[in-house]
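J.: Can you keep this structure in mind? I'll have questions shortly.
Quick note: the coordinates plus some simple rules give every number you see, no bench work behind them. This one's a predicted model, so the numbers in the text were calculated from it and none came from an experiment. Using ideal geometry, Cβ is built from the backbone for each residue, glycine included, and neighbour counts are taken over all protein chains shown.
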Amino acid sequence: MKLNIAVLPGDGIGPEIISVALDVTKAICDKFKHNLSFEYGICGADAIDKVGNPYPDETHELCMRSDAVLFGAVGHPRFDNDPSAKVRPEQGLLAMRKKLGLYANIRPVVTFETLIHKSPLRADLVKGADFMCIRELTGGLYFGRPQGRSEDGNVAYDTCVYSRDEVVRIVTLAYEYAMKRRKKLTIVDKANVLATSRLWREVSKEIAPKFPEVETEFMFVDNAAMRMIQWPTSFDVIVTENMFGDILTDEGSVITGSMGLLPSASIGTYTSVFEPIHGSWPQAAGQNIANPLATVLSAAMMFEYAFNLKDEASLIRGAVDASMNANVRTADIQIDGEKSFSTSEVGNWIVDFINK
Ligand code: GGG
C-alpha cells in the first residue's frame, strides 16, 4: 500500500518525539512492504520565526495532499510572557484543525498494568481503566467570535458557540464508537449553566433513540472530573465539547501515569492528524529526555484510522508494551531507582523489536 504522509514536528520536544515516531513508521512500512512517502512541513513558533505565520499556506497545502499528518507539538513560553504578541503558535494548531475540518479528536485513556505504580491514584481504582474521550475540536470557546479585549484593556471576552449540526455530527460519531465498544456513552456538559450545553443535551436526546443498545448518561463536567479520578473504570466513551475535552483528557493522563503516554487522532473532512495530547515542553527541548510513546502510539492510531492497517497498529502497540515490560523507559515512567532511557534509546529499542 502507498502511504503518503505529512510530518509536522513543531516546537520544543516536537522534533525529537516525531523523529522516533517516524523511525517506527518506516520500520513498520519496511516490515509490511508498504511504500512510504513523507514530506516535512513547518508550524507553530518555528513557522512564526521562519515566515511569520504559525500555519503557513505551504503547510496547509502539504496536509491537504497527504493521506495523514503526523504532528508533534506547538508552543513556546516567550509568547506567554508577551501579551502583545500578535500571533501565537497555538493559533497554528487551531487554524490547522479548522481548515482541515478536524471536528473529532479521539483520545484513548488506557492504563498500562506495568505503570500502575506511576499513577498518583490507588492501583485498585485505575486498574483496568480503558475509555475513549471524543473531544469536539472545531467549535466552542476556542473558535467562537467575538473574542478579544476592550480598548482600555480592562475587559476580555471569549464566546462559546455551537450549532445543532456540529452537535449532531460529533454525538452521532460518539454513538458509533460506543457501538463498537462496551456500548456506554457519557455526554459531558454544563447544562445547568451554559446555553450551548443545553443545546448539546437537547440534540443528544434526539439522537439517543437511534442507538437503543447504547446506555446514555449525561454528566456535568465538574462531576465528570471527580468521577474520572474516583471511578475511571465506569467510563467507556465520553463525548464533550472542545474545552471540557481538552481539560478532562489531561486529567485522564494522570490515571495512566504520564502525559507522555496519551495519543490522539483528529479526524474530519479532508485528512486526519495524529499527535500526542501533550504540548511542546520547551524546557526539555534538545535534551533527548521526552517520552516518545504518546507520539509512537499516535502513529499506531494513524495506521489503524487513516489506513485501516490493524496488524501494523497492533505490532506498534505490542512493541510499546514490550519496551515497558523490558524496563526500557524514559524517566517520567521509570520505576524509582531504576536506570532511565533517553528518547532515542526507547525509539531504537522499539524499532529493533519491530525488525526482529
Ligand atoms: N500535541 C498537542 C499540542 O501541541 N498541544 C498544545 C496546545 O496548545 N494544545 C491546545 C489544544 O489542544 O487545544
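J.: Which residue fluctuates the most in the chain, going by a Gaussian network model with Cα springs under 10 Å, if the choices are 156, 299, 319?
T.: Looking only at 156, 299, 319, the biggest GNM fluctuation is shown by 156.
J.: In addition: Beyond 24 Å, how much of the Cα-Cα pair distribution for the stretch 33-166 remains, as a whole percent?
T.: Here the long-distance tail beyond 24 Å is 52 percent of all Cα pairs in the stretch 33-166.
J.: Please give the calculated 222 nm ellipticity per residue for the chain, where each DSSP H segment of at least 4 residues contributes -39500 (n - 2.57) and the sum is spread over every residue; nearest 500 deg cm²/dmol?
T.: Helices in the chain give a 222 nm mean residue ellipticity of -12500 deg cm²/dmol.
J.: Moving on to the next point. Using Cβ contacts closer than 10 Å as the measure, can you line up 132, 96, 226, 243 from fewest to most?
T.: The fewest-first ordering by Cβ neighbours comes to 226, 243, 132, 96.
J.: So which trypsin sites (Lys or Arg not before Pro) in the stretch 67-100 are both in a DSSP loop and have at most 16 other Cβ atoms within 10 Å of their Cβ?
T.: 86
J.: Let me ask another. Measure up 127/183; 50/190; 98/118 against 31 Å on the Cα-Cα distance and list the ones that go over.
T.: Violating the 31 Å Cα-Cα cut-off are 50/190; 98/118.
J.: Evaluate the Kirkwood expression for the hydrodynamic radius of the stretch 88-138, namely the inverse of the mean inverse distance over all pairs of different C-alpha atoms, and round to one decimal in Å.
T.: Every distinct Cα pair counted, the radius reaches 13.3 Å.
J.: Using all Cα-Cα distances in the chain, what percent lands in each 10 angstrom bin from 0 up to the longest?
T.: Cα pair-distance distribution for the chain, in percent: 5, 24, 33, 27, 10, 1, 0.
J.: Next up: Students often check this: by mean Cβ neighbours within 10 Å, which of 4-16, 330-342 ranks highest, and how do the rest follow?
T.: Result, highest mean first: 4-16, 330-342.
J.: Cut-off is 10 Å between beta-carbons; in what order do 200, 231, 349 appear when sorted fewest neighbours first?
T.: 231, 349, 200
J.: Dimensions of the stretch 27-77 along principal axes (Cα, Å, largest first)?
T.: Rounded to whole Å, the extents work out to 40, 24, 14 Å.
J.: Which one, 298, 264, 253, has the greatest fluctuation when you compute a Gaussian network model over the chain with C-alpha springs under 10 angstrom?
T.: Checking each option, the largest mean-square fluctuation is seen for 253.
J.: I've got another one for you. GNM, the chain, Cα, under 10 Å: largest mean-square fluctuation among 155, 328, 171?
T.: Comparing 155, 328, 171 in the GNM, the peak value goes to 155.
J.: Round to a whole angstrom and tell me the spacing of the C-alpha centers of the stretch 46-65 and the stretch 297-339.
T.: Using only Cα atoms, the two centres lie 30 Å from each other.
J.: Sort 166, 213 by Cβ crowding within 10 Å, fewest neighbours at the top.
T.: Starting with the residue having the fewest Cβ neighbours, the order is 213, 166.
J.: Show me, for the stretch 231-238, the HN-Hα J-couplings you get by feeding each phi into the Karplus relation (A = 6.51, B = -1.76, C = 1.60, θ = phi - 60°), rounded to Hz, glycine and proline as x.
T.: Here the 3J(HN,Hα) series is 8, x, 6, 7, 9, 10, 10, 10 Hz.
J.: For the stretch 125-152 and the stretch 219-243, compute the distance between their C-alpha centroids and round to whole Å.
T.: The two parts, judged by their Cα centres, are 14 Å apart.
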